[in-house]
Amino acid sequence: MKLIDFTQVENIFIVCGKTDMRRQIDGLAATITEEYDMDIYNGALFLFCGGNKDRFKALYWEGDGFLLLHKRLENGKLNGPRNQKVSIKPAVKGSIA
């Protein structure tokens, strides 16, 4: 297993709206490829937020497999775009730390 240097990630995309957090790698990857017609293997990091805004998932292709990160906040909620219409937006590097 190798450690990921996320400073080397060129593109970070935020999937706006509510994501069903029961979805795993295949379901999240299908969202990117089918709903947004994007290449999931391009080295970008994709961020998904749940409906309660207390958890998110990150999906990243490492070259030999997918990495799925899941974060649940014990206190507080995530701040971020919550458009009624689900869309995908590029994130500004340095704003996701």
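No lab work stands behind these numbers, since they all come straight from the coordinates. Everything numeric in this text was worked out from a predicted model, so none of it was measured. Glycine gets a Cβ as well: all are built from the backbone with ideal geometry, and neighbour counts include every protein chain shown.
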Practice item. For residues that are in a loop (DSSP other than H, G, I, E, B) and of a type in the set (Gly, Ala, Ser), scanning just region 1-44, find the one that is surrounded by the fewest Cβ atoms within 10 Å (Cβ to Cβ). Key: Gly43
**Study point:** From Leu73, Leu47, Leu78, residue being surrounded by fewer than 14 Cβ atoms within 10 Å (Cβ to Cβ), of a type in the set (A, V, I, L, M, F, W, C) and out of contact with any Leu (no Cβ under 7 Å at 6 or more places or on another chain)
**Key:** Leu73
Study note, to complete from the structure: Reported set for region 1-47 where residues are under 13 Å from the mean Cα position of the chain (by Cα) and at positive phi is Gly17, Gly43
Practice item. Scan region 53-76 and give yes if some residue there is touching a residue at least 24 places away in the same chain (Cβ under 8 Å), among the basic types (Lys, Arg) and not in a loop (DSSP other than H, G, I, E, B), otherwise no. Key: yes
Review point. Could you list, in sequence order, the residues of region 1-48 that are touching a residue at least 24 places away in the same chain (Cβ under 8 Å) and among the small types (Gly, Ala, Ser)?
Key: Gly17, Ala29, Gly43, Ala44
